[in-house]
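**Q** My structure is below; once you've seen it, I'll send some questions.
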Amino acid sequence: MLAQRTTRVGASPTMQVLLEADRLKRQGVDVVDLGAGEPDFPTPEHIKAAGRAAIDADFTKYTATAGIPELRHAIAARYRADYGVDYAESEVIVCAGGKQALYNVAMALFGAGDEVVTHAPGWPTITDQVRLADAIPVHVRSYPEDGFALKAEPFLAAITPATRGIVINSPCNPTGALMSEDELAMVADEAARRGIWVVLDLCYESLIYDPVPHNLPKVLVDRLRDLAVITGSASKAYSMTGWRCGWALGPKNVIAACTAIQSHSTSNACSISQRAALAALQGAQDCVAEMLAEYRRRRDVICELLTASGRIRCVTPAGGFVLFPDVSDVLSPDGIRTSAELAQALLTDEHVALTAGEAFDAPGFVRISYATSLERLREGAARIERFLDGLARGTRQPRAGS
Ligand SMILES: Cc1ncc(COP(=O)(O)O)c(C=O)c1O
């Protein structure tokens with residue numbers, strides 16, 4: 001019999017879409033893959049060169065658990081420059097991705113009986129990590145009518161005497177929405193008053209399209225530095241998902257606890273990746289701006305194509321590279337009943353892979369990644385339109401198994 005905790009979590013549903021699409025692609029099927037949660041760009045050349053140089057210099061051994069000092073220093077320097085917050089090297093840990101950073105933090109801060117408030121729609125890993133820590137996830141909702149903006153009020157209303165933490169992801173996967181500084185300030189003030197941890201996942205912080213105020217680290221540091229943890233990642237900003245390099249910044253005792261936990265799981269982030277991440281953080285940032293400009297072009301094209309017929313409604317994302325359209329108008333009790341069925345039917349009938357909103361605790365929506373070429377996006381939108389036309393005319397011929 002497996003340990004009880006395994007009953008609380010399943011494999012990440014966002015990964016399952018990729019697996020299914022991959023299986024079809026391996027069979028030679030021309031799948032338009034809009035399921036990917038990762039950039040399609042190659043890792044920028046100067047970052048790859050730093051990785052190669054690390055290998056050539058035999059920088060291929062264990063490092064300190066919390067990461068090489070130069071990188072911890074560079075991460076602190078980056079947050080100081082970008083947000084005006086001060087973290088010492090001892091307040092930074094380098095991990096195998098932002099995901100491991102968040103996992104370490106969940107293990108360090110949350111335990112049996114603790115309630116941890118986070119938002120839906122939201123990235124399912126946050127919820128499942130809370131469950132793995134034996135704690136209880138509590139979801140507060142954001143709504144398309146508000147552009148999915150993360151508001152303070154529902155967080156405040158969800159706080160109970162058992163609340164131990166609040167986890168916020170801005171820009172949010174899957175909505176692309178932001179939390180404003182004012183709304184976070186209200187949450188932070190209350191959290192400070194009640195001694196509640198606030199964890200801020202800034203994985204998409206470099207991919208915000210317009211220059212809106214988003215100095216969330218400063219909001220937290222000014223109000224509850226001793227109760228705040230910030231996580232980030234090289235994955236999305238620098239197209240480095242496979243290198244597995246992320247980090248957390250927080251009070252020394254939290255980072256020490258994370259380091260102890262990590263020392264008994266993965267030890268350190270890959271030595272080569274750490275050197276590459278150092279080059280990413282210290283090098284010119286034009287590559288990020290270029291990728292963001294391309295995401296913006298794609299966002300605008302795919303939003304327009306998908307909403308042209310009026311059957312699908314969509315909030316324009318403020319950050320990241322996914323859309324989260326509302327498909328509830330095309331669902332019906334005697335046709336395709338749920339967004340999960342829609343995602344499955346689109347994959348089966350039109351070979352378009354996208355992720356059902358159910359994966360993000362948001363039935364009635366689908367997540368469409370535009371981390372793919374404009375040409376593939378146009379093809380994907382055309383296939384989705386053709387499918388929806390068939391549905392509307394009642395002429396869709398479901399294939400076996402759809
Ligand atoms: C919201 C969010 N946070 C954190 C991560 C972690 O990414 P990584 O582990 O690649 O740094 C992801 C990855 O998809 C994400 O979507």
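**Q** Give the Debye-formula value of log10 I(q)/I(0) at each listed q (0.23, 0.25 Å⁻¹), with one equal scatterer per alpha carbon of region 22-66, two decimals each.
**A** -0.85, -0.91
**Q** Computed FRET efficiency, Cβ-Cβ of residue 185 and residue 304, R0 41 Å: what is it to the nearest 0.05?
**A** So the FRET efficiency works out to roughly 0.70.
**Q** Can you put 239, 90 in order of accessible area, largest first, using a 1.4 Å probe?
**A** 90, 239
**Q** Still on this structure: At a threshold of 8 angstrom on Cα-Cα distance, excluding pairs fewer than six apart, so keeping six or more, what relative contact order does the chain reach in percent?
**A** Relative contact order of the chain: 23 percent.
**Q** Still on this structure, please answer the following. Just to be sure I understand the model, the point goes 7 Å from the Cα along the line to the Cβ. What's the resulting residue 296 to residue 139 distance in nm?
**A** Label at residue 296, label at residue 139, 3.3 nm between them.
**Q** If you don't mind, there's one more thing I want to ask. For the chain, what is the calculated [θ] at 222 nm in deg cm²/dmol (nearest 500), taking -39500 (n - 2.57) for each run of four or more DSSP H residues and dividing by its residue count?
**A** -13000 deg cm²/dmol
**Q** Once you've got the Cα coordinates, tell me which of 48/218; 218/252; 48/99 are over 28 Å apart.
**A** Beyond 28 Å: 48/218.
**Q** Here's another thing I want to ask about it. Any chance you could look up the accessible area of residue 7 with a 1.4 Å probe, heavy atoms only, rounded to 10 Å²?
**A** That residue has around 100 Å² of solvent-accessible surface.
**Q** Additional query: Order 264, 139, 119, 73 by their accessible area, 1.4 angstrom probe, all chains in place, largest first.
**A** Ranked list, largest accessible area first: 264, 73, 139, 119.
**Q** So how exposed is residue 25, as accessible area in Å² (1.4 Å probe, rounded to 10)?
**A** Surface accessible to solvent at residue 25 totals approximately 80 Å².
**Q** Going by average Cβ density within 10 Å per residue, which order do the peptides 275-282, 171-178 take, highest to lowest?
**A** Put in order of decreasing packing, that is 171-178, 275-282.
**Q** On to the next question. Taking the Cα centre of region 104-263 as origin, work out the dipole magnitude from +1 charges on Lys and Arg Cβ and -1 charges on Asp and Glu Cβ, in debye rounded to 20.
**A** 480 debye
**Q** Let me ask something else. Which number comes out as Rg/Rh for the chain once both Rg and the Kirkwood Rh are worked out on C-alpha atoms?
**A** We get a ratio of 0.97 for the chain.
**Q** Ok, one more. Using DSSP, restrict attention to beta bridges with both residues in the chain and report what percent are antiparallel, rounded to the nearest 5.
**A** Bridges in the chain are about 40 percent antiparallel.
**Q** Please arrange 240, 107 by accessible surface area, largest first, computed with a 1.4 Å probe and ligands excluded.
**A** In descending accessible area the options line up as 107, 240.
**Q** Mind listing P(r) for region 125-275? All alpha-carbon pairs, 5 Å bins, whole percents.
**A** Answer for region 125-275: a P(r) of 2, 8, 16, 21, 22, 16, 9, 4, 1, 0 percent.
**Q** Can you tell me what the convex hull of the Cα atoms of region 1-117 projects to on average, as an area in nm²?
**A** About 12.9 nm², averaged over all directions.
**Q** Another question about this same structure. Averaging sequence separations of C-alpha pairs under 8 Å and six or more residues apart, then dividing by the length of region 32-179, give the relative contact order as a whole percent.
**A** Across region 32-179, relative contact order equals 18 percent.
**Q** Moving on to the next point. Picking from 29, 199, 116, which is most flexible by a Gaussian network model of the chain using Cα springs under 10 Å?
**A** Of 29, 199, 116, the Gaussian network model singles out 29 as fluctuating most.
**Q** Taking 8 Å as the Cα distance limit and 6 or more residues as the minimum spacing, I'd like the relative contact order of region 1-118 as a percentage.
**A** The normalised contact order for region 1-118 reaches 13 percent.
**Q** Another one. Can you tell me how much longer the chain between residue 386 and residue 4 gets when fully stretched, taken as 0.36 nm per residue apart minus their C-alpha distance, in nm with one decimal?
**A** 133.0 nm
**Q** Tell me the accessible surface of residue 243 in square angstrom (1.4 angstrom probe, heavy atoms of protein chains only), to the nearest ten.
**A** Estimated to the nearest 10 Å², residue 243 gives 60 Å².
**Q** What is the set of long-range amide H partners of residue 120 at a cut-off below 5 Å, with H atoms built 1.01 Å from backbone N?
**A** Result for residue 120 returns 140, 141, 142.
**Q** How far is helix 271-282 tilted off the main Cα axis of the chain, in degrees rounded to 10, range 0 to 90?
**A** It works out to around 90 degrees.
**Q** Where in region 291-371 are there trypsin sites (Lys or Arg not before Pro) that are in a DSSP coil and have at most 14 other Cβ atoms within 10 angstrom of their Cβ?
**A** Of the trypsin sites (Lys or Arg not before Pro), the ones in loops of region 291-371 whose Cβ has at most 14 other Cβ atoms within 10 Å are 337.
**Q** Can you work out ³J(HN,Hα) from phi for every residue in region 309-320, in order, using Karplus 6.51 cos²θ - 1.76 cosθ + 1.60 and θ = phi - 60°, giving whole Hz and x for Gly and Pro?
**A** 7, x, 7, 10, 10, 8, 7, 6, x, 7, x, x
The values are calculated or read from the model by the stated rules, or taken from the named source; none is laboratory data. What you see is a predicted model; the values in this text were computed from it and never measured. Here Cβ is always computed from backbone atoms with ideal geometry, including for glycine, and neighbour counts include all displayed protein chains. All accessible areas refer to the heavy atoms of the entire protein, side chains included, with ligands and DNA or RNA removed. Shrake-Rupley method; radii C 1.70, N 1.55, O 1.52, S 1.80 Å.
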